[in-house]
Structures are given as structure tokens and as C-alpha cells.
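The values are calculated or read from the model by the stated rules, or taken from the named source; none is laboratory data. Worth saying up front: this structure is predicted, and the values here are computed from it rather than measured. All Cβ positions, even for glycine, are placed from backbone atoms using ideal geometry, and neighbour counts span all protein chains on display.
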Amino acid sequence: MTPRRKQRLTMVLIIGALLASAIGLMLYALNENIDLFYTPTEIHEGKSGQFPQVGQRLRIGGLVVEGSVVRNKETLSVAFDLMDTGPKVTVTYDGILPDLFREGQGIVATGVLQEGFVIVADEVLAKHDEEYMPPELAEQLKGIKHVKPSEAGY
Amino acid sequence: MSPLMSIFKRDWQLAMRNKSEFIQPLVFFVLVITLFPIGVGPGLATLQKIGPGVIWVAAILSALLGMEKLFRDDFNDGFLEQIQLSGVSLSLAMFIKVFCHWLLFILPLIVVSPMLALFLNLTPAMYWALLATLLLGTPILSFVGGIAVALTVGLQRGGVLLSLILIPVFIPLLIFATSVVDSAVFGLNYWPQLAIIAAMLCGAIAITPFAMSYAIRVSHH
Amino acid sequence: MFTWLHPYAKTERAYALCQSLFPYFLSAAVLGLVVGLVWGLVFAPPDYQQGDSFRIIYIHVPSAILAMGTYVAMATAGLVGLVWQWKTAYMSMIAIAPVGALMTFISLFTGAAWGKPMWGTWWIWDARLTSQLILLFLYFGVMALYAAFSDKQQAGKAAAIIALVGVINIPIIHYSVEWWNTLHQGSTITKIGRPSIAPEMKWPLLVSIAGFIGLIGTLVLLQLKNVILIREAHRPWVKKLLLTSSTKGER
């Protein structure tokens, strides 16, 4: 082999190795969970073996449990329970809730985890699902009655 | 001595002769970071929260500042054209030049970063995570930035244009780097995000030298 | 395989192609937008959860989908230019850029307007919104770099390289929803199997997307015709064309 070809070959090998390790590292990263997003069940039971710690900042997403919303009469602060398929967690929040916030509605909150599965949220956002349908169809399919935000009463 | 080693040595000596040039980005880096406690107030908790992001943003800005002259002199005096004619691979030569630039201009920023971590009240755990992201991440700035520098080298007014092109490209890196430090705050596993940054670095080292040499050829026309 | 494309590397043929395609795109744009938007904004039923605010989907979704698609089209034009050294490829790349930036802006603007009633905030630094914003910056970068060169052939090459670097951003945009798992709902139409939008809402959306494609095509062709005429102003065929059109105008 001429020196020039030898140099070419080493370069090709090095580049191949670099690209292979890039792909390998990406695959490793994608197999791990890297977000701080938890569901109520994951807060109780851990998410792929990793438990959120008290004092940790996290995002939680779940459905507001029917009848769990407790409002303070004097301040804006509000407490409600969130659940998905398993156990519940309690979220407390001091501020104005978004229009779409209703019992039974999915929300995403960002806050700090406290003892006893309580989350002190500094942000509550309503998550709307990617399903769009007329109110009548929704009533039939999901048993959800459409209530206009202005008539919802909270 | 191999031609590539001599390019490295040449760049090193040239920079050593003109020390003020690589001290400037360093001072800029420290100054930008000093502005933040003054701007947002000296509250230690706030500083700790914004600290990693501030250090990264300052590193990106000073990297952009120091990068503008990366190939300019060699382009203007015909050195790069000579390399093309000499039969040495231009891509390899560009790789060496960028690596040398990183050692001279960016590594000092990382060296002074412990002091800045104290300014911004970072905990040791945060600092180690930050250091890892800086070591893996800043070479990406140099290599990807090198493409844009090579493209704009023929224009005599590159400065703001360079930032305009490069800052959006660097945003994903910034997201992953700060998320590493955020995870470190809570003692969580941050290897996945570091792995993503390392993957970006491997990809950048493998591909950007060719893009840079192509860009230089475009500029020569 | 691509030999049928080669004649269009000549600016004169490319201009003629623009001329002949223009009416089709224009009629698709007018028809699709009028039918899709009127149907969607007036006649489609309101959503069971969001009521009437969901109707902004008929502008937001087409522009958001096509903003990314347009970037890929621009980068592809740049790649074609770099590989085959076609002047017209660079010209189409730079004709596409402002149209794509406009689409990105529309999707960000309507997204913000939709976010206020639905999420409770105008802007959140959600992964998808952020990547759409980065996309807008990438368009600006390509246009700024192109404008900085006085030699437009070189400008085309430089902008093409930067456009290709930016393409790395597209998969990040696409997968960011899953990576960061944040507020933005998943994409509605591409979900395989069970469509998650009722048919009477989906059809106006598809018509409106077709209308937006027509609109993008129309704007790109207009731009491209201008770019070709300006760049080739010294060519005899351009002079002839302008002379005939101006005498027509005098009559």
C-alpha cells in the first residue's frame, strides 16, 4: 500500500469508529429516561427503578380527581388530587388556574415534591389531548358533557 | 516532522507571539459572568439556579467572539491555498487548526470556570457536572463554528453574521448541557444527557473537517 | 434517472416552467384556502372540550407542518445545487427561504394565540415551540448569509451548506415532543390506526393543508421568477421577454 492510501484507510477507519460511537451513545441515551416528567403512579412506585426524591423539582401530569378541588376562600390558593391509573398525589398551587382546568381534565404541573406525596406547584397548565370531536360525539363516546369554561363555575 | 505536526506548531507559536488576542475572550467571559450577579441581584439561591446557564451562554458568546479570526490570516496570506496544493489533506489540516484554536482560546475558559462557579454559588456536584459538559461541549462549538467561519472568511465583515448563523445551531447543545447540571442538582443520573453531548462531539469530529475544507474551497472562488 | 430534470438547469427553461406551473398552484391555493377555511372556521362543529377556539387548528396545523417541510425542500434544493452545480437550484433555494420563514412565523403566531385560552399562557418554552422558533432563526441565518455575499453563485453555495447543517435540527424538532414529553399535544393526522380527529373536522383540515401547499407554491414561484429575472437581467432572452411584455402593456 502506498503511504497515501494507508493514510486514507486510517482516516476512513477513524471516521467509521467515531460515527459508530456516536450512534452507540445516542442509542444508550434514548434507552434511558432523561426527562423529569412523572405520572402520579411513577411518583409512588418509581419510574424504571428510579424514585423521585423529596425536594426534587419535577413535572407531573395526570387527571384532576373529581370532587378533590379545595379552594381557599380568601386567597387564590387551591389544592387538588391528581391520578392516572393507580394511586393519587396532591398538588397545591397559589395562582390563577387556566381556562381548561376542570375536574377530570388532564393537567401538567411543575413544582417541588414534598413529604407525603404532596407537590407544591409554581405552574399549572392544562394539557389538552390530541382528539378533536364535536360535543355530541364526545358525550356518546367518552361520557363527557361539554361545559363552556365560563359556565363551569370555578 | 510530519506536515500536520508542523501546522500545529506553527499555529501555537503564532498565538504565543500575540498573547493579547487569546486573553481577550477570556476576560470577556469573566466580565459577562460578572454582569449577571449585578444585573439580577446578589441572591445566592437565584444565582445558583441561573449559574450553569449563565456560564454556558457566556462560553458560547466568547467562543463566537474568538472564532472570527480562526482562518482569516491564513486565508488572506494564501497559507490555506498552499496546503491545498501541497497534497496534505485540507480536512486534516482544518481539524488540526480548530483543535489548536480550542486548546488556546476555549480551554482557558474552562480553566477559570471554578472561580466563576464560586461567584455563582454552584455546589461541587453542580460544578463537576458543568465541567464535564464544558469539556465535551465546547469542542462542538469550535468544530461546528469552524464551518461558518470558513464560509464567511472571504467577507471582511463576519462578526454579527457569524453569531446569527451559529447561535440557533448551538441551542440543542445548550439544552442538554443545562439539563445535565439540573439533574446533578438533585443527584440524579445524568449520563444519558452527557452521552448525547458526547455523541454530538463524535459526529462533529467525524463530519465537520470535510464541511470546513469544502467551505474553504467555496471561499477561494 | 434524473436526466429529464437537466434542461431546467438553464434559467430560461426554468422560467418557462414557473410560468406554466403558476396558474395551477394559484388555483389550488385560492380553492383550497377558501373552501378549507370557510368550511373549517364556519361550518365544522365546535370541539367537545375547547369549543370554538380549536378552529385555529385550520391555520396553525397546516403552517406548522409545512414550515418544516419547506425547510427540507430548501435544503434539498441546496443539496442539488452543491451536487450538480446548478444555478437554478440555488435560485429556488433562496426563493423558498422567505416563504418558509413566513410559514414558521404564522405557526408561531397562531400557536401563541391558541396557547393563551388553552394552556393559560401565551408562550411556554415547550420543546416543540422552541424548536419552531429555532427553525425561524435558521431561516434567518440562511437568508442573512446569502445576502452577505455579492457574488451570488458563491452566496448560493454558502447558504446551501448552512441549510444542510440546519437540517440536523429537523429530527430534533420532530422527536422533541417525545423526548421532553411536555405540553404540546401529539400530532393529530399522522397517528396510525385510530384517527383522533372526527371526520367532519378532518376534511376541512386536509383541504386547508392542500390550500397552504398551493399558497407556498404560488409564493415560491413568484419569488423564483423575480430572482431569475434579476440575476439574468443581462441575458438576451430576458430583454426580449421584457420588451414583448412592455409592448403588450402599451397596447
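Annotations
- Of all the criteria given as (1) touching a residue at least 60 places away in the same chain (Cβ under 8 Å); (2) touching a Ser or Thr at 6+ places or on another chain (Cβ under 6 Å), the one not satisfied by B:Phe28 is (1).
- Of all the residues in the stretch B:128-149, those that are farther than 24 Å from C:Leu135 by Cβ and not β-branched (Val, Ile, Thr) number 10.
- Top-ranked residue in the stretch C:19-45 [being farther than 30 Å from C:Val238 by Cα and out of contact with any Ser or Thr (no Cβ under 9 Å at 6 or more places or on another chain); ranked as farthest from the other protein chains (Cβ to nearest Cβ)]: C:Leu31
- Flag if B:Ala93 is of a type outside the set (S, T, N, Q) and closer than 26 Å to B:Gly159 by Cα: yes
- For the criterion of being at pLDDT 80 or above, crowded, with 19+ Cβ neighbours inside 10 Å and more than 29 Å from C:Phe54 (Cα to Cα), A:Val89 passes.
- The listed residues are B:Leu90, B:Leu104, and the only one of them that is in contact (Cβ under 8 Å) with a residue 60 or more places away in the chain, of a type in the set (A, V, I, L, M, F, W, C) and touching a Ser or Thr at 6+ places or on another chain (Cβ under 6 Å) turns out to be B:Leu90.
- Unmet criterion (only one of (1) assigned to a helix (DSSP H, G or I); (2) at pLDDT 70 or above) for C:Val177: (2)
- Condition met for C:Tyr71 (more than 30 Å from C:His6 (Cα to Cα), out of contact with any Cys (no Cβ under 7 Å at 6 or more places or on another chain), buried (at least 22 other Cβ atoms within 10 Å of the Cβ) and among the hydroxyl-bearing types (Ser, Thr, Tyr)): no
- Selection from the stretch A:48-60 of residues that are more than 8 Å from every other protein chain (Cβ to nearest Cβ) and buried (at least 16 other Cβ atoms within 10 Å of the Cβ): A:Pro52, A:Leu58, A:Ile60
- Residue identified as more than 14 Å from the chain's Cα centre (by Cα), within 30 Å of B:Ser91 (Cβ to Cβ) and buried (at least 18 other Cβ atoms within 10 Å of the Cβ) among B:Phe75, B:Phe36, B:Phe79, B:Phe29: B:Phe75
- Of the numbered criteria (1) surrounded by 12 or more Cβ atoms within 10 Å (Cβ to Cβ); (2) not assigned by TED's automatic domain parsing to the domain that holds A:Gly111, the one A:Glu42 fails is (2).
- Residue check for C:Val165: modelled with pLDDT of 85 or more and within 24 Å of B:Leu174 (Cα to Cα): yes
- Selection status of C:Gly69, part of a helix (DSSP H, G or I), free of Cβ contacts under 8 Å to residues at least 60 places away in the same chain and not hydrophobic (A, V, I, L, M, F, W, C): yes
- Helices (runs of 4 or more DSSP H) contained entirely in the stretch B:103-211, each with at least 2 residues that are away from chain C (no Cβ under 14 Å) and either touching a strand residue (DSSP E or B) at 6+ places or on another chain (Cβ under 8 Å) or of a type in the set (Ser, Thr, Tyr) (or both): B:124-152
- The set of residues in the stretch C:1-35 that are out of contact with any helix residue (DSSP H, G or I) (no Cβ under 8 Å at 6 or more places or on another chain) and not in a helix (DSSP H, G or I) comprises C:Met1, C:Phe2.
- B:Ile50 falls short on exactly one of the conditions (1) within 20 Å of B:Ile197 (Cβ to Cβ); (2) touching a residue at least 12 places away in the same chain (Cβ under 8 Å), and that condition is (1).
- When C:Val61, C:Val99 are screened for being within 14 Å of chain A (Cβ to nearest Cβ), surrounded by 20 or more Cβ atoms within 10 Å (Cβ to Cβ) and not hydroxyl-bearing (Ser, Thr, Tyr), only C:Val61 passes.
- Across the stretch C:70-89, the qualifying residues are those that are at pLDDT 90 or above and among the hydroxyl-bearing types (Ser, Thr, Tyr), and the one among them that is farthest from C:Thr218 (Cα to Cα) is C:Thr76.
- Filtered by the rule that a residue be crowded, with 23+ Cβ neighbours inside 10 Å and aliphatic (A, V, I, L, M), the stretch B:145-161 gives B:Ile147, B:Ala148, B:Val149, B:Ala150, B:Leu151, B:Val153.
- Given (1) touching a Gly at 6+ places or on another chain (Cβ under 8 Å); (2) within 25 Å of B:Leu90 (Cα to Cα), number of the condition B:Gly145 does not satisfy: (1)
- Any hit, the stretch B:163-173, residues being of a type in the set (Val, Ile, Thr) and surrounded by 24 or more Cβ atoms within 10 Å (Cβ to Cβ): yes
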